[in-house]
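Following: one structure in structure tokens, then a few remarks.
The values are calculated or read from the model by the stated rules, or taken from the named source; none is laboratory data. The structure displayed is predicted, hence computed values, not measured ones. Because the Cβ atoms are built from the backbone with ideal geometry, glycine has one as well, and the counts that use them run over all protein chains shown.
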Protein chains: 2
Amino acid sequence: MSKSEHTRSALLQSATRQFGEFGYSNASLRQIAGQAGVDVALISRYFGGKLGLFDASLKECLNWPELLDPAKDPIETAIEKFTDPTSEDHKFSTTRMIILNADDPIVGERVRTALFDKLIDPLEARMDGTHVKERLAMFIAVIVGASITRYSLQVPGMANADAKMHSRQLRHLIDAALSFKC
Amino acid sequence: MSKSEHTRSALLQSATRQFGEFGYSNASLRQIAGQAGVDVALISRYFGGKLGLFDASLKECLNWPELLDPAKDPIETAIEKFTDPTSEDHKFSTTRMIILNADDPIVGERVRTALFDKLIDPLEARMDGTHVKERLAMFIAVIVGASITRYSLQVPGMANADAKMHSRQLRHLIDAALSFKC
DNA sequence: GCCTCATGTCAACACTTGTTGACAAATGTT
DNA sequence: AACATTTGTCAACAAGTGTTGACATGAGGC
């Protein structure tokens, strides 16, 4: 790994943390660079600017090849990825990256189109039964709502639930979402 | 209504729109004042500053006296208020005001404590049965998730649903949330 | 050694932000 | 009319933002 690749990836990792914790507009390039132990000007050199850095971070966040693996159930894959048990801190999870920036006046549209291209459309293509769109939207709603309620709003009934209890809550709501009949 | 009260309320209304659309940090005082047709400096005069303006707006947003009315079912009241059929544009609903600012590094904590004091605690006090906290959290998750999915992410299966269909989706998920048994 | 290119450092830039204080205009009171 | 209080206007401020270009330092090839 060359020197430049090293700083590039350090920058990218730091950016993903900041964008996922504070959102695009609240994240400062100087802070991102500082956390990566690197000079601010290098962001412009390697990514062309703040927007380029965000695009790179977003692309990395939404790269879920398992979603296309025919051997795996796409819904189960999505649950695993969304609930993200590998991340030690859910402040920086993909869910937060999406939710926190989907409304941003600058990057909101990029986030939404990336979300559709990389996640929602592939998921929809692999679901069957009636009212696929409606059930899929309800599934997304449950995932997103649970994440916000647990980690952002910190409502005790979810925030204080242990992993097993929270998993039961999630399953119950997801089952309801997917079994919806108009 | 005196002159000062008029500009004060114009400022407050404009602020609620901007805070609800862009969030605290992305909303600019000059833009808020401009939309209210008023000079920026008057914000400091009437509200003491940006934080004071936000506090006033938040307080107005979360003032739901119906929640304490013993003649009304609190859950039904919450559903009505959250889905907010009176607002012509959901970009500025209370739900957005809360979600969009609950993570803000400056006002996030204020939002969360206000949410608990004004909404969650009163709701919890008027629910009965087992696992009240867990079911209430799941209820919140459904409301929040549906709002984001429909209006922020704009997932077609919810964003394009008409009022009747969306109401059915909401009811289905809410029923599931409230009927959860550990 | 010497040259070249990649990489990093630093200072400045134009711009926007929230806030403040001095001043003007309007309104009400005596 | 003359004064006092409220209300509004304007310009400036310090601080922070993303971005840029000139320069310094490093490593590898001739």
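Here are the numbers for the structure shown:
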| quantity | calculated |
| --- | --- |
| Any hit, region B:135-153, residues being in contact with a helix residue (DSSP H, G or I) (Cβ under 7 Å, 6 or more places away or on another chain), over 15 Å from A:Ala176 (Cα atoms) and of a type in the set (Phe, Trp, Tyr) | yes |
| Qualifying positions in region B:131-142 - of a type in the set (A, V, I, L, M) and facing chain A (nearest Cβ under 7 Å) | B:Leu136, B:Ala137, B:Met138, B:Ile140, B:Ala141, B:Val142 |
| Filter result for the condition that a residue is modelled with pLDDT under 95 and among the hydrophobic types (A, V, I, L, M, F, W, C), over B:Leu62, B:Leu42, B:Leu12 | B:Leu62 |
| Some residue of region A:106-116 being of a type in the set (Lys, Arg) and either facing another protein chain (nearest Cβ under 10 Å) or touching a Ser or Thr at 6+ places or on another chain (Cβ under 9 Å) (or both) | yes |
| Yes/no for B:Gly145 being modelled with pLDDT of 95 or more, in a helix (DSSP H, G or I) and in contact with a Leu (Cβ under 6 Å, 6 or more places away or on another chain) | no |
| Check on B:Gly129, more than 14 Å from the chain's Cα centre (by Cα), under 21 Å from A:Leu170 (Cβ atoms), more than 16 Å from DNA strand D (Cβ to nearest atom) and of a type in the set (Gly, Ala, Ser) | yes |
| Selection within region B:40-68 - of a type outside the set (A, V, I, L, M, F, W, C), over 19 Å from B:Ala114 (Cα atoms) and more than 8 Å from DNA strand C (Cβ to nearest atom) | B:Tyr46 |
| Whichever residue in region A:30-64 is away from DNA strand D (no atom under 13 Å from the Cβ) and farther than 22 Å from A:Asp121 by Cβ and, among such residues, is farthest from the other protein chains (Cβ to nearest Cβ) | A:Gly37 |
| Hits in region B:152-169 - residues which are of a type outside the set (D, E, K, R) and within 9 Å of another protein chain (Cβ to nearest Cβ) | B:Ser152, B:Leu153, B:Gln154, B:Val155, B:Pro156, B:Gly157, B:Met158, B:Ala159, B:Asn160, B:Ala161, B:Met165, B:Gln169 |
| Conditions (1) on the phi < 0 side of the Ramachandran plot; (2) within 16 Å of DNA strand C (Cβ to nearest atom); (3) within 14 Å of another protein chain (Cβ to nearest Cβ); (4) touching a residue at least 40 places away in the same chain (Cβ under 8 Å): number failed by A:Glu21 | (2) |
| Identity of the residue in region B:115-160, hydrophobic (A, V, I, L, M, F, W, C) and surrounded by fewer than 18 Cβ atoms within 10 Å (Cβ to Cβ), that ends up nearest to A:Val155 (Cα to Cα) | B:Phe116 |
| Residue list for region B:130-182, restricted to those being in contact with a Phe, Trp or Tyr (Cβ under 8 Å, 6 or more places away or on another chain), among the polar types (S, T, N, Q) and without any contact (Cβ under 8 Å) to a residue 40 or more places away in the chain | B:Gln169 |
| Region A:171-182, residues that are at the interface with another protein chain (Cβ under 9 Å from one of its Cβ atoms) and assigned to a helix (DSSP H, G or I) | A:His172, A:Leu173, A:Asp175, A:Ala176, A:Ala177 |
| Set A:Arg96, A:Arg45, A:Arg30, A:Arg112: member being out of contact with any Pro (no Cβ under 8 Å at 6 or more places or on another chain) and in contact (Cβ under 8 Å) with a residue 40 or more places away in the chain | A:Arg96 |
| Among (1) within 13 Å of the chain's Cα centre (by Cα); (2) away from DNA strand C (no atom under 16 Å from the Cβ), the one test that B:Glu76 misses | (1) |
